[in-house]
C-alpha cells in the first residue's frame, strides 16, 4: 500500500468514509456470522463455505486497511485556481487542428473518471496541463505521437 498523498474532494472523502464505516460496522459482522455458520458444518479442511468465508473476510479487511490508509493520507481539494490549472481546476482544452473543445476537471487518481471529464493529476494529460494558464499550448506525447492542445479557458 502506498503512503503517497491522495487528492480528494470533500464529497469523495465523505463517500469513502461512509464505505469504511459500513465495512467496519456491518460487513465485519456479516462475515463473522458467515464464518461461525461455516465452522458448524464440520471438517474445515474440506469445507468450501468456510474457505469462502475466510476469503471474504480477507477481502473486507484488505479494503478496510486500504481505505484507512487512503483517508489518513488524503489532501482535501477545493475549487482550483482560475488563473492557473491546479488540482480541482475545471478547464477547456482544444486540440490543435480541431474545432471541438473538451471540458476537464483535474482530480486525484481515486476520483478520475473520463466519462465525467475528471482526469487524474497523475495521468499524462493531467500532469502536462498543471501549472498552465489560459492561452498556453501544451504538448503531450501519446502512443500515436505528439498532440498539442490549447488551454481555452479556466473556469
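The values are calculated or read from the model by the stated rules, or taken from the named source; none is laboratory data. None of the values given here were measured: they were computed from a predicted structure. Don't worry about glycine lacking a Cβ; one is built from the backbone with ideal geometry, like all the others, and counts go over all protein chains shown.
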Going by the conditions given, is residue 83 loosely packed, with under 12 Cβ neighbours inside 10 Å and under 30 Å from residue 155 (Cα atoms)?
-> yes
Starting from the stretch 91-111, take each residue that is more than 18 Å from residue 154 (Cα to Cα) and list its partners that are surrounded by fewer than 17 Cβ atoms within 10 Å (Cβ to Cβ), counting only C-beta distances under 7 angstrom and pairs at least six apart or across chains.
-> 109/122
From 119, 64, grab the single residue that is touching a residue at least 12 places away in the same chain (Cβ under 8 Å), within 29 Å of residue 30 (Cβ to Cβ) and in contact with a helix residue (DSSP H, G or I) (Cβ under 6 Å, 6 or more places away or on another chain).
-> 64
Within the stretch 128-137, is there a residue that is touching a strand residue (DSSP E or B) at 6+ places or on another chain (Cβ under 8 Å), at pLDDT 95 or above, assigned to a strand (DSSP E or B) and over 21 Å from residue 7 (Cβ atoms)?
-> yes
Residue check, residue 12 against (1) on the phi < 0 side of the Ramachandran plot; (2) free of Cβ contacts under 8 Å to residues at least 60 places away in the same chain, all met but one. Which one?
-> (2)
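To keep it simple, each residue is scored yes or no on (1) closer than 30 Å to residue 107 by Cα; (2) at pLDDT below 90; (3) part of a helix (DSSP H, G or I).
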site: 13; (1), (2), (3): yes, no, yes
site: 19; (1), (2), (3): yes, no, yes
site: 25; (1), (2), (3): yes, no, yes
site: 28; (1), (2), (3): no, no, yes
site: 31; (1), (2), (3): no, no, yes
site: 45; (1), (2), (3): no, yes, yes
site: 60; (1), (2), (3): yes, no, yes
site: 64; (1), (2), (3): yes, no, yes
site: 67; (1), (2), (3): yes, no, yes
For the stretch 16-30, indicate whether the set of residues that are over 24 Å from residue 136 (Cα atoms) and in contact with a strand residue (DSSP E or B) (Cβ under 9 Å, 6 or more places away or on another chain) is non-empty.
-> yes
